[in-house]
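> Please find one structure pasted underneath; my questions will follow.
The values are calculated or read from the model by the stated rules, or taken from the named source; none is laboratory data. Just so it is clear, the structure is predicted and the values come from calculations on it, not from any experiment. So basically every Cβ, Gly included, is an ideal-geometry build from the backbone, and we count neighbours across all protein chains shown.
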């Protein structure tokens, strides 16, 4: 059909390719009815409309006539143009969600770095505040101070209650002579600080002075 039209109008395939912008390879396949070498039917339909426009014909009639006389290569029951391979692909929602979770957790960890990995600290008040070696005459010493909220405190391996603000106090019984008091503060992920104090207990000898 197309071969007859071109012959009647004395137009070569090369000239038609220049006028329509359609590849000579596809025009030759149309003229020679080599349908297996043609692209999907939406492209072929577009070719016929371009050819009809250049030759002054009715594109719809030319296309319908071609459909009646040829078995076109089908791309499926619902022919449609292939997706543009350069179009950005939609983002995977799961990957986006997981990425956001990782970012949020990383930010939270950085913000709470001191809580997780910082070095624990101890602030003592009372008699032990400014002294590593203390001499007293009373059998009981009140130990009090503060650690960071959430840290665990032990005194001589005995766990000590710490309130929500980090404050603690404990009455510690002394033995006559030198007493070693060891404070161990432990952070959430395992970092520890150890502080040692020495208290020398010398009981009164009934004269108000240590013996």
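> Among the numbered conditions (1) at pLDDT below 90; (2) in contact with a strand residue (DSSP E or B) (Cβ under 8 Å, 6 or more places away or on another chain); (3) closer than 21 Å to residue 118 by Cα, tell me where residue 211 comes up short.
All conditions pass for residue 211, except number (3).
> Something else now. Would you mind stating whether residue 133 is at pLDDT below 95, loosely packed, with under 13 Cβ neighbours inside 10 Å and either touching a strand residue (DSSP E or B) at 6+ places or on another chain (Cβ under 6 Å) or more than 24 Å from residue 202 (Cβ to Cβ) (or both)?
It is true that residue 133 is at pLDDT below 95, loosely packed, with under 13 Cβ neighbours inside 10 Å and either touching a strand residue (DSSP E or B) at 6+ places or on another chain (Cβ under 6 Å) or more than 24 Å from residue 202 (Cβ to Cβ) (or both).
> Look at residue 58 and say whether it is under 16 Å from residue 6 (Cβ atoms), at pLDDT 80 or above and surrounded by 10 or more Cβ atoms within 10 Å (Cβ to Cβ). Break it down into steps so the answer makes sense when it comes.
Values: under 16 Å from residue 6 (Cβ atoms): no; at pLDDT 80 or above: yes; surrounded by 10 or more Cβ atoms within 10 Å (Cβ to Cβ): yes.
Considered against the rule, which asks whether it is under 16 Å from residue 6 (Cβ atoms), at pLDDT 80 or above and surrounded by 10 or more Cβ atoms within 10 Å (Cβ to Cβ), residue 58 comes out as no.
> Could you list, in sequence order, all residues of the stretch 136-168 that are farther than 20 Å from residue 192 by Cα and surrounded by fewer than 16 Cβ atoms within 10 Å (Cβ to Cβ)?
137, 138, 139, 140, 142
> I'm checking my understanding of the structure. Among residues of the stretch 179-192 that are free of Cβ contacts under 8 Å to residues at least 60 places away in the same chain and loosely packed, with under 12 Cβ neighbours inside 10 Å, which one is nearest to residue 139 (Cα to Cα)?
Among those residues, the one meeting the criterion is 180.
> Do the conditions hold for residue 19, that is, is it surrounded by 15 or more Cβ atoms within 10 Å (Cβ to Cβ) and either touching a strand residue (DSSP E or B) at 6+ places or on another chain (Cβ under 6 Å) or touching a residue at least 24 places away in the same chain (Cβ under 8 Å) (or both)?
It is false that residue 19 is surrounded by 15 or more Cβ atoms within 10 Å (Cβ to Cβ) and either touching a strand residue (DSSP E or B) at 6+ places or on another chain (Cβ under 6 Å) or touching a residue at least 24 places away in the same chain (Cβ under 8 Å) (or both).
> Would the stretch 178-200 turn up any residue that is within 18 Å of residue 132 (Cα to Cα) and in a loop (DSSP other than H, G, I, E, B)?
Within the stretch 178-200, the subset within 18 Å of residue 132 (Cα to Cα) is 178-185, 193-200.
Next cut, in a loop (DSSP other than H, G, I, E, B) only: none.
Within the stretch 178-200 (the criterion being within 18 Å of residue 132 (Cα to Cα) and in a loop (DSSP other than H, G, I, E, B)), the answer is no, since none of the residues qualifies.
> Give, as residue ranges, the strands (runs of 3 or more DSSP E) completely inside the stretch 126-166 that count at least 1 residues that are farther than 14 Å from residue 180 by Cα and in the same structural domain as residue 176 (by TED's automatic domain parsing). Show your work before the answer.
Values: elements: 133-136, 140-147, 152-155, 158-160.
Filter on the stretch 126-166 gives 140-147, 152-155, 158-160.
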